[in-house]
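Written out below as structure tokens is the structure these notes cover.
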Amino acid sequence: MANILYVTCNVKSQARARTLLLGDEFMDEYLRKNPQDEVQVLDLYRDSIQRVDQDVLSAWGRIERGEEYGFLSDEERRKINKIWRIADQFRRCDKYVFVTHSLNLWFPAEFKMYIDAICVLDRTYRLTPEGTEGMLHGLSRKSLHLHANQPYKFGGEGDQSVAYLRSVLCFLGVADQETVLLQGDDPERGRWDEYEAVRGKLLELARRF
């Protein structure tokens with residue numbers, strides 16, 4: 001039995017977002033083939049992700065310098081506990097499905113806040129004499145990233161979203177990664193033939209993910 005983490009970052013309703021429609025179809029097919037697996041759903045617009053703010057950075061710094069957890073303020077403990085829960089959830093899962101879209105050549109801010117919450121010292125990465133090291137290496141983790149680029153160009157600049165997430169996952173130790181791209185997320189503006197091609201690829205992936 002595998003634990004799946006299904007993470008979405010889209011402020012639109014499912015009917016208004018091609019990525020959410022396709023992600024839902026992927027999960028339906030996956031669970032049809034793997035009914036024993038457990039799925040945890042995280043909607044980054046619905047579920048509150050703690051920002052790494054001044055309280056969090058101060059608390060982490062003091063803990064790293066040897067100060068005991070009990071000496072932190074109630075507010076500091078509340079905030080770092082929220083981040084630790086997110087990082088621990090990520091670490092415990094075996095497979096990850098990310099459903100996202102571009103906003104100004106990158107992810108929406110909510111997704112970056114999530115990445116900051118899963119990249120946590122002594123939970124998902126550690127310090128070694130050679131530098132930092134992800135803690136998931138050798139644990140056979142795998143991921144799928146379904147992402148919609150914006151349908152128009154930003155001059156000659158390319159979107160940075162996919163490469164960024166791939167780098168973060170590689171660092172943490174998720175070596176087996178699949179990426180599926182769409183041009184645009186709006187069902188009324190996107191091409192139907194592209195949608196069907198992506199849908200077919202996702203359903204095939206669901207059967208072997």
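When you look at residue 46, is it surrounded by fewer than 18 Cβ atoms within 10 Å (Cβ to Cβ) and either outside any loop (DSSP other than H, G, I, E, B) or small (Gly, Ala, Ser) (or both), yes or no?
Taking the combined requirement at face value, the residue does not satisfy it.
Scan segment 127-155 residue by residue and report those that are out of contact with any helix residue (DSSP H, G or I) (no Cβ under 7 Å at 6 or more places or on another chain) and buried (at least 19 other Cβ atoms within 10 Å of the Cβ).
Within segment 127-155, 141 is the sole residue that qualifies.
Pairs please, first residue from segment 136-162 and in contact (Cβ under 8 Å) with a residue 24 or more places away in the chain, second anywhere and aromatic (Phe, Trp, Tyr), Cβ atoms under 6 Å, 6+ apart in sequence or on different chains.
If the second residue must be aromatic (Phe, Trp, Tyr), the pairs left are 143/96; 145/98; 160/106; 161/106; 161/107.
State all residues of segment 61-88 that are surrounded by 17 or more Cβ atoms within 10 Å (Cβ to Cβ) and in a helix (DSSP H, G or I); if no residue qualifies, say none.
If the condition is that a residue be surrounded by 17 or more Cβ atoms within 10 Å (Cβ to Cβ) and in a helix (DSSP H, G or I), then 63, 76, 79, 80, 83, 86, 87 are the ones that fit.
Go through segment 97-113 residue by residue and tally those that are closer than 20 Å to residue 48 by Cβ and outside any helix (DSSP H, G or I).
Counting residues in segment 97-113 that are closer than 20 Å to residue 48 by Cβ and outside any helix (DSSP H, G or I) gives 6.
Tell me which strands (runs of 3 or more DSSP E) are completely within segment 114-209 and hold 1 or more residues being at pLDDT below 95 and in contact with a Pro (Cβ under 6 Å, 6 or more places away or on another chain), or say none if there are none.
176-183
Against the conditions (1) outside any helix (DSSP H, G or I); (2) of a type in the set (Lys, Arg); (3) at pLDDT below 95, where does residue 51 fall short? Just the number, please.
(3)
Please indicate, with yes or no, whether at least one residue in segment 40-48 is free of Cβ contacts under 8 Å to residues at least 60 places away in the same chain and aromatic (Phe, Trp, Tyr).
No: segment 40-48 contains no residue that is free of Cβ contacts under 8 Å to residues at least 60 places away in the same chain and aromatic (Phe, Trp, Tyr).
Report whether or not residue 56 is β-branched (Val, Ile, Thr), modelled with pLDDT of 95 or more and in a helix (DSSP H, G or I). Before the answer, list the steps.
Values: β-branched (Val, Ile, Thr): yes; modelled with pLDDT of 95 or more: yes; in a helix (DSSP H, G or I): yes.
Spelling it out, residue 56 is indeed β-branched (Val, Ile, Thr), modelled with pLDDT of 95 or more and in a helix (DSSP H, G or I).
The values are calculated or read from the model by the stated rules, or taken from the named source; none is laboratory data. In this text, all values refer to a predicted model and were calculated from it rather than measured experimentally. Methodologically, a virtual Cβ is constructed for each residue, glycine included, from the backbone with ideal geometry; neighbour enumeration extends over all protein chains shown.
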